[in-house]
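Right, one structure below, let's go through it.
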Amino acid sequence: MNFNPEKPILFHRAEKVLLIYTGGTIGMGINPVTDALEPLDFNYLIENLPEFKYLKTGIDIYQFSSPVDSSDMNPSMWAHLVRIISERYDDYDGFVILHGTDTMAFTASALSFMLENLTKPVILTGSQLPIGQLRTDGKENLVTSIELASAHHSDGRAMVPEVCIYFGGQLLRGNRATKQSADGFNAFATFNYPTLCHAGVNFTYHDHHILQPDYSRSMTPHTQMDANVIVLSLFPGIQECFLRHVFEAPELRSVVMRTFGSGNAPQAPWLLRLLKEASQRGVTIVNISQCISGFVEMGRYDTGYQLKNAGVVSGHDSTVESAVTKLMYLQGRYSDHQTIRYYMNRSICGEITLPDTPKEEHPAGLTRA
């Protein structure tokens, strides 16, 4: 049951947001001796931001004991974030996670699956320049993220009950986002999905693009992730000898295969043989495009059709970050590869766009999520 505006419910408001500082450029300072960036005490930084006095919501801070460079982010840290949020879920109206930009889209994608039926905002943000520098983008990103995390309808419902990334004036669905610039202030984009909210002089919400949870159910946290997945980018001249070692690895459970255009790959017999053998062995192979926008359509050209015959599953318009973390999440929940393949072709929390075709029946004997 989704929210029914004809039967309004008053939702409890805590009038507080939890700010979780994991690390990243936003909380860095310049070492006067080496001129290198190094982590600072974020509590100290917040105390010296006059902008915080004008926010209309209370703010509590949870700071990782040792700030994490986002390049070192991993599934165990995602599980830690899930526990932080789930244990304090009823105490706050929303959550803002400060995170390095390099793997922010991976973390946002992972949390979107791990926080099932999310009814409150979880917004990841950061900056390209440290918050203490003159031209920093950190202050605006941080202050606006807190405002968005506390924004609500007249009945108390959160405006955007999703895992999102806020950066450069745009609120984006987390599992649709990818980092598009290493040094621009508009660091993230969702090439295959519209922006959820534009932050200008006013907030412009695009309600028809925002997910609505089932308010009759509670949020269910998941912390088990299985990282036995690899990303494989095809290129002209790719060699059988290297791929054979990858596909024959006994630990391998899934492959995110980045193909050409709308999902095409070389028709080399050895490649199709490797894919079919791995698929029959229980390895889930997901086909996503190397293009930054567009869909995988494996029936469009014969090269894509051959992949489908080899047991490859369409990733539709998924990002790499979303496909990888969705596989980790599903592998953490299910041992049966048929169940994993089934859910890779279903939208769990708005991560893919599915064609308007009749829904395939759920295979007999499989457990629904």
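The values are calculated or read from the model by the stated rules, or taken from the named source; none is laboratory data. In this text, all values refer to a predicted model and were calculated from it rather than measured experimentally. So basically every Cβ, Gly included, is an ideal-geometry build from the backbone, and we count neighbours across all protein chains shown. Note: areas computed on protein heavy atoms with side chains; ligands, DNA, RNA excluded. Shrake-Rupley method; radii C 1.70, N 1.55, O 1.52, S 1.80 Å.
Mind checking the angle between helix 104-114 and the chain's longest principal axis? C-alpha axes, 0 to 90 degrees, to the nearest 10. Roughly 80 degrees between the two axes. The distance between label points at LEU232 and ASP214 comes to 3.6 nm (points 7 Å beyond Cα on the Cα→Cβ vector). When Rg and the Kirkwood radius Rh are both evaluated on Cα atoms of the range 278-324, their ratio Rg/Rh stands at 0.97. Rounded to the nearest 10 degrees, the angle from helix 269-280 to the longest Cα principal axis of the chain is 70 degrees.
Packing around the peptides 312-321, 143-152, 62-71, taken as the average count of other Cβ atoms within 10 Å per residue, puts them in this order, highest first: 312-321, 143-152, 62-71.
Per atom type, the chain shows carbon and sulfur on 51% of its accessible surface, probed at 1.4 Å. Computed extension gain for GLU248 through LYS139, at 0.36 nm per residue and net of the alpha carbon distance, reaches 34.4 nm. Pair-distance distribution of the range 50-95: all C-alpha pairs, bin width 10 Å, starting at 0; shares per bin in whole percent are 19, 43, 31, 7.
Here the Karplus relation 6.51 cos²θ - 1.76 cosθ + 1.60, evaluated at θ = phi - 60°, turns the backbone of the range 212-219 into coupling constants of 10, x, 8, 6, 7, 10, 7, 6 Hz, with x for every Gly and Pro. Which of SER335, SER254, SER293 moves most in a GNM of the chain, Cα contacts under 10 Å? Fluctuation is largest for SER335.
Coupling constants for the range 320-326 follow from the phi torsions by the Karplus curve (6.51 cos²θ - 1.76 cosθ + 1.60, θ = phi - 60°), and in residue order they are 4, 4, 5, 4, 5, 6, 5 Hz; glycine and proline get x. Structure remark: mean-square fluctuation, Gaussian network model of the chain, C-alpha springs under 10 Å; the largest value among GLY23, GLY156, GLY263 belongs to GLY156. Here the range 156-296 was treated as a single set of alpha-carbon atoms; its pair distances binned every 5 Å from 0 give 2, 8, 13, 15, 13, 13, 13, 10, 7, 4, 2, 0 percent. Looking at the range 119-228, the pairs of alpha carbons with a distance over 16 Å make up 62% of the total. Every pair of different Cα atoms in the range 165-232 enters the Kirkwood calculation, which places the hydrodynamic radius at 14.6 Å.
The count of lysine pairs in the chain whose Cα atoms are under 27 Å apart, excluding pairs fewer than 8 places apart on the same chain, comes to 21.
In whole percents, the pair-distance distribution calculated for the range 220-315 from its alpha-carbon pairs, binned every 10 Å from zero, is 17, 50, 26, 6, 1. Compared with the dominant principal axis of the Cα atoms in the chain, helix 75-87 is inclined by about 50°. Its alpha carbons considered, the chain gives a radius of gyration followed by a Dmax of 21.4, 65 Å. Placing a label point 7 Å from the Cα of ILE61 along the Cα-to-Cβ line, the residues of the range 77-101 whose backbone N sits under 13 Å from it are 98.
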